[in-house]
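Comments concern the structure below.
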């Protein structure tokens, strides 16, 4: 069965600092990997996804993630954090199929940004 | 972008009553919708996959007679929590798959259910 682990429950960074959120997955085949952000009162928003090809994936809002098969990781990074990035971030792995729909989510990482 | 709405956003009900939650894709057609449940400080857990015009597929451990799902049109899926009990209190989130763009799910804002 597929699983996702986000080791950090809560991360605090200063505005302008760099950010890395960790994600490790377990999946028997080539994984479909996603990062979502959840803000209060809003639905999960897709930041980026990896299906195949270039292992460094660029997303929205200046985020990027790197797929490392040897480490079973898909860490999310941002070079300079903005106060508006404060939210909860979820890593997810999807099964195959036409919709990659059956997503398994990690526990989430809450990001706090200090001014 | 594609928008998914949920109604209501919050609902409080008495134990033993049934509650219906609607999930709508506002500007696109979705052949598939998904229902998730999120407990406080926990991750989202997939409950069921809902396909338009057919029966929903439930994940292991999810009671299909308790969580009734209907996907009658390409823009609407409903989740009915029957005979709700306090342990059903949770945050329910739906997502919709964008037809023609098969690699993206769009999520609704969620419904907070509190059963007294």
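The values are calculated or read from the model by the stated rules, or taken from the named source; none is laboratory data. Remember, it's a predicted structure, so these values are computed and weren't measured experimentally. All Cβ positions, glycine included, derive from the backbone under ideal geometry; neighbour counts span all protein chains shown.
Hey, does the stretch B:95-106 have a residue that's out of contact with any helix residue (DSSP H, G or I) (no Cβ under 9 Å at 6 or more places or on another chain), under 16 Å from residue B:11 (Cβ atoms), within 14 Å of another protein chain (Cβ to nearest Cβ) and at pLDDT 90 or above?
No, because not a single residue in the stretch B:95-106 is out of contact with any helix residue (DSSP H, G or I) (no Cβ under 9 Å at 6 or more places or on another chain), under 16 Å from residue B:11 (Cβ atoms), within 14 Å of another protein chain (Cβ to nearest Cβ) and at pLDDT 90 or above.
Could you pull out the residue among A:44, A:33 that is surrounded by 16 or more Cβ atoms within 10 Å (Cβ to Cβ) and within 20 Å of residue A:68 (Cα to Cα)?
Only one candidate qualifies: A:33.
Just one of the numbered conditions (1) touching a residue at least 40 places away in the same chain (Cβ under 8 Å); (2) closer than 30 Å to residue B:9 by Cβ; (3) assigned to a strand (DSSP E or B) is not true of residue A:77; which one?
(2)
Having 1 or more residues that are farther than 26 Å from residue A:90 by Cα, out of contact with any strand residue (DSSP E or B) (no Cβ under 9 Å at 6 or more places or on another chain) and in contact (Cβ under 8 Å) with a residue 12 or more places away in the chain is the bar; report the strands (runs of 3 or more DSSP E) wholly within the stretch B:1-95 that clear it. Steps first, answer last, please.
Working: elements: B:4-7, B:10-13, B:19-25, B:32-38, B:44-51, B:67-73, B:76-81.
It comes to B:67-73.
Of the residues that sit in the stretch A:10-32 and are in a loop (DSSP other than H, G, I, E, B) and modelled with pLDDT under 95, which one is nearest to residue A:61 (Cα to Cα)?
We begin by selecting, within the stretch A:10-32, every residue in a loop (DSSP other than H, G, I, E, B); these are A:15-18, A:22-23, A:27-31.
Right, trim to modelled with pLDDT under 95 and you get A:27-31.
Values: A:27: 28, A:28: 31, A:29: 29, A:30: 26, A:31: 24 Å.
This residue is A:31.
For the stretch A:33-46, what are the residues that are part of a strand (DSSP E or B) and either at the interface with chain B (Cβ under 8 Å from one of its Cβ atoms) or modelled with pLDDT under 80 (or both)?
A:36, A:45, A:46
Tell me, please, whether a residue that is within 12 Å of another protein chain (Cβ to nearest Cβ) and at positive phi can be found in the stretch B:85-94.
The answer is no, given that none of the residues of the stretch B:85-94 is within 12 Å of another protein chain (Cβ to nearest Cβ) and at positive phi.
Identify the residue in the stretch B:21-74 that is under 10 Å from the mean Cα position of the chain (by Cα) and under 14 Å from residue B:90 (Cα atoms) and, among all such residues, is farthest from the other protein chains (Cβ to nearest Cβ).
By that ranking, first place goes to B:67.
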